[in-house]
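Novice: Questions regarding the structure given below will be posed in turn.
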Amino acid sequence: MVAFTLNGGDVSLEIDPQTPLLWALRDNLGLTGTKFGCGMGLCGACTVHLDGAAVRSCSLPLAAVAGKAVTTIEGLGGEHPLQRAWVEHNVPQCGYCQSGQIMSAAALLAANPAPDEANIRQAMAGNLCRCGTYHKVQRAILSVAAVAHWEPAVEGEA
Ligand code: FES
Ligand code: FES
């Protein structure tokens, strides 16, 4: 059995601990906001937070999250400043990569609330978008970074 915290609640799964976290989230826990892209840690579509840091859930065995806190796009709650900025700046096109983009951006802002363009480019470099929304992603992140006060949506994330 693997027990961990998911979006602020306790969960435990009795499945093979080598199962990729992405599979557990989507198939066992029904959280389909996190997407499968490459399955090899190369595209960022599957990005979630592990103890507040952005990780690729396709490449992380469930065993690695035991006793830790996982946050998915669902855990941001829909009213996170980044989610509002995404709507305001009309960021998504097909949308497939966007939950991963937002989760990487949220981890960046939690670690550095006032990133500059170079910081953003570096933090987001592993999140690919076949629709080319990179400039809109950057503008949306900068718009949130410019706001003096915002709070993480999930308690325990800082
Ligand atoms: S699906 Fe995980 S990095 Fe591409
Ligand atoms: S919005 Fe289509 S892949 Fe990014």
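The values are calculated or read from the model by the stated rules, or taken from the named source; none is laboratory data. From a predicted model like this one, the values you see are computed outputs, not experimental measurements. No Cβ is skipped: glycine too gets one built from the backbone with ideal geometry, and neighbour counts run over all protein chains shown. Surface accessibility is based on the protein's heavy atoms, side chains included, excluding ligands, DNA and RNA. Shrake-Rupley method; radii C 1.70, N 1.55, O 1.52, S 1.80 Å.
Novice: It is to be established whether one or more residues within segment 37-56 are within 13 Å of ligand 2 (Cβ to nearest atom), at pLDDT 95 or above and assigned to a helix (DSSP H, G or I).
Specialist: No - not one qualifying residue is present in segment 37-56.
Novice: Taking the stated definitions as given, is E79 at pLDDT below 95 and surrounded by fewer than 24 Cβ atoms within 10 Å (Cβ to Cβ)?
Specialist: Working: at pLDDT below 95: yes; surrounded by fewer than 24 Cβ atoms within 10 Å (Cβ to Cβ): yes.
So E79 fits the description; yes.
Novice: Then there's this: Does S12 qualify as being within 11 Å of ligand 1 (Cβ to nearest atom) and outside the structural domain of H135 (by TED's automatic domain parsing)? Steps first, answer last, please.
Specialist: Details: within 11 Å of ligand 1 (Cβ to nearest atom): no; outside the structural domain of H135 (by TED's automatic domain parsing): yes.
Answer is no for this residue.
Novice: Let me ask something else about it. Residues in segment 104-129 that are open to solvent by less than 80 Å² (accessible area, probe 1.4 Å) and either touching a residue at least 12 places away in the same chain (Cβ under 8 Å) or touching a helix residue (DSSP H, G or I) at 6+ places or on another chain (Cβ under 8 Å) (or both): how many?
Specialist: Looking only at that region, the number is 18.
Novice: Let me ask another. Please go through (1) in contact with a helix residue (DSSP H, G or I) (Cβ under 7 Å, 6 or more places away or on another chain); (2) of a type in the set (S, T, Y); (3) part of a loop (DSSP other than H, G, I, E, B) for Y96 and return the number of the only condition it doesn't satisfy.
Specialist: (1)
Novice: Further question on the same structure: Criterion first (open to solvent by less than 50 Å² (accessible area, probe 1.4 Å), assigned by TED's automatic domain parsing to the domain that holds L21 and not in a loop (DSSP other than H, G, I, E, B)) does A63 satisfy it? Before the answer, list the steps.
Specialist: Details: open to solvent by less than 50 Å² (accessible area, probe 1.4 Å): yes; assigned by TED's automatic domain parsing to the domain that holds L21: yes; not in a loop (DSSP other than H, G, I, E, B): yes.
Judged against the criteria, A63 is a match.
Novice: Here's another thing I want to ask about it. If a residue has to be touching a helix residue (DSSP H, G or I) at 6+ places or on another chain (Cβ under 8 Å), of a type outside the set (G, A, S) and open to solvent by less than 50 Å² (accessible area, probe 1.4 Å) to count, how many in segment 8-53 make the cut?
Specialist: Applying the first criterion (touching a helix residue (DSSP H, G or I) at 6+ places or on another chain (Cβ under 8 Å)) to segment 8-53 yields 8, 13, 15-22, 24-25, 31-41, 43-50, 52-53.
From the residues that got through so far, the ones that are of a type outside the set (G, A, S) too are 13, 15-22, 25, 31-32, 34-36, 38, 40, 43, 46-50.
Imposing the further condition that a residue be open to solvent by less than 50 Å² (accessible area, probe 1.4 Å) reduces the set to 13, 15, 19-22, 25, 31, 34, 38, 43, 46-50.
Going through segment 8-53 one residue at a time, the tally reaches 16.
Novice: How many residues does segment 84-103 hold that are open to solvent by 30 Å² or more (accessible area, probe 1.4 Å), in contact (Cβ under 8 Å) with a residue 12 or more places away in the chain and over 23 Å from L21 (Cα atoms)?
Specialist: The qualifying residues number 6.
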